[in-house]
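*Asks:* This is the structure I want to talk about, given as structure tokens.
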Amino acid sequence: MPKAPILQPDQSYTFADYFRLNFAPRDILAHFGVTLQKRAIAFSPYRGELDRLDSLQQRIEESLPRLSLTSEAARREFLIAPVLTDVLHYTQALLNVEYPVAVSNQLKGSLDYFLQTDVTVLVIEAKNEDLERGFVQLAVELIALDQWIESEQGVLPGAVSTGSIWQFGQFDRQTRQVTQDLSLYRVPADLEALLRILVGLLKPAPGDSVGAEP
């Protein structure tokens with residue numbers, strides 16, 4: 001018997017719908033002709049001064065003991081937004097919040113945080129703190145971005161975040177392969193490493209390329 005389709009051709013899907021699908025991530029991405037691999041990604045971190053790092057770390061550490069993170073709004077406002085605000089300071093990037101994209105009936109919706117300099121970086125919030133399902137949604141959004149933006153950027157990087165945990169991924173536009181990084185970055189414990197990766201992606205040093213080699 002032929003394998004049942006992952007997506008129904010007559011049905012409309014938003015990015016958020018992929019978070020709720022119970023199919024294996026590889027099967028979902030295969031529907032779009034994309035493969036998935038999991039490996040460590042060797043990013044080129046920003047090596048300059050982070051003049052707001054101590055202040056940001058102190059504010060997060062002071063607020064966490066008194067903060068209820070049971071709602072998405074709380075995680076977004078008190079953990080994700082402060083990190084991205086400082087990224088803007090270091091990179092002079094433009095930040096689009098709830099950025100609408102409509103490529104097709106199966107690739108449409110709003111991107112949580114879409115950052116742009118000469119390169120682009122996508123950050124999404126993992127609903128219900130489910131990082132694995134959140135990564136599937138991130139991967140589908142990167143596939144949509146590949147068709148939405150006009151740029152020579154060969155690799156589209158992104159991150160999924162629960163607020164307190166971040167995970168990176170990237171989409172190679174030529175090989176049509178999504179890579180899920182094996183490392184997880186905790187906030188506030190790994191805040192400096194997280195910031196240096198985000199800033200390095202948006203503000204690569206001369207000779208650096210966006211994304212990473214095996």
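*Asks:* Using a 1.4 angstrom probe and counting only protein chains, how large is the accessible area of ASP10 in Å², to 10?
*Replies:* Near enough 140 Å² of accessible area.
*Asks:* Still on this structure: Say we join alpha carbon atoms closer than 10 Å with springs in a Gaussian network model of the chain; which of VAL97, VAL155, VAL87 then has the biggest fluctuation?
*Replies:* Highest fluctuation among the options: VAL97.
*Asks:* On the full set of protein chains, 1.4 Å probe, figure out the accessible area of GLU62 and give it in Å² to the nearest 10.
*Replies:* Around 100 Å² of this residue is reachable by solvent.
*Asks:* Please report how many Lys pairs in the chain have alpha carbons closer than 26 angstrom, counting only residues at least 8 apart along the chain or sitting on separate chains.
*Replies:* Going through the chain pair by pair, I get 6.
*Asks:* How much of the accessible area of segment 1-108, probe 1.4 Å, is carbon plus sulfur, in whole percent? Don't skip to the end; give the middle numbers.
*Replies:* Details: 3440 of 6550 Å².
It is 52 percent, rounded to a whole number.
*Asks:* With a 1.4 Å probe and all protein chains left in place, how much accessible area per residue does the chain have, in Å²?
*Replies:* Each residue of the chain exposes 49 Å² on average to a 1.4 Å probe.
*Asks:* Also: Please give me, ordered by residue number, the trypsin sites (Lys or Arg not before Pro) of segment 21-80 that lie in loop per DSSP and have at most 12 other Cβ atoms within 10 Å.
*Replies:* Those satisfying the criteria are ARG47.
*Asks:* Sticking with this structure for a sec: For a quick size check, give me the Cα extents of segment 40-110 along its three principal axes, largest first, whole Å.
*Replies:* 44, 34, 28
*Asks:* Given a 1.4 Å probe and the protein chains all in place, what does the accessible area of ILE149 round to, in Å² to the nearest 10?
*Replies:* 30
*Asks:* Stick to the Cα atoms of the chain, pair each with every other, and give me the Kirkwood hydrodynamic radius in Å at one decimal.
*Replies:* Numbers: mean 1/r = 0.0567 Å⁻¹.
About 17.7 Å, per the Kirkwood formula over Cα pairs.
*Asks:* Here is a follow-up. Where nothing but the Cβ of Lys and Arg (+1) and of Asp and Glu (-1) is charged, how large is the charge dipole of the chain around its Cα centre, in debye to the nearest 20?
*Replies:* Details: 19 positive and 28 negative charges, 95 e Å.
Computed charge dipole of the chain: roughly 460 debye.
*Asks:* Oh, and also: Rounded to the nearest 10 degrees, what's the angle between the helix 191-202 long axis and the longest principal axis of the chain, both from Cα atoms, 0 to 90?
*Replies:* Rounded to the nearest ten degrees, it is 60.
*Asks:* Something else: Starting from a Cα-only point model with no solvent, please compute log10 I(q)/I(0) by Debye for segment 71-127 at q = 0.13, 0.16, 0.17 1/Å.
*Replies:* Reported log10 I(q)/I(0), two decimals: -0.37, -0.54, -0.60.
The values are calculated or read from the model by the stated rules, or taken from the named source; none is laboratory data. Keep in mind that what you see is a predicted model, and the values were worked out from it rather than measured. Cβ coordinates were reconstructed from backbone atoms using ideal geometry, including for glycine residues, and neighbour counts include every protein chain displayed. The protein model used for the area step is the full one, side chains on, heavy atoms only, and it has no ligands, DNA or RNA in it. Shrake-Rupley method; radii C 1.70, N 1.55, O 1.52, S 1.80 Å.
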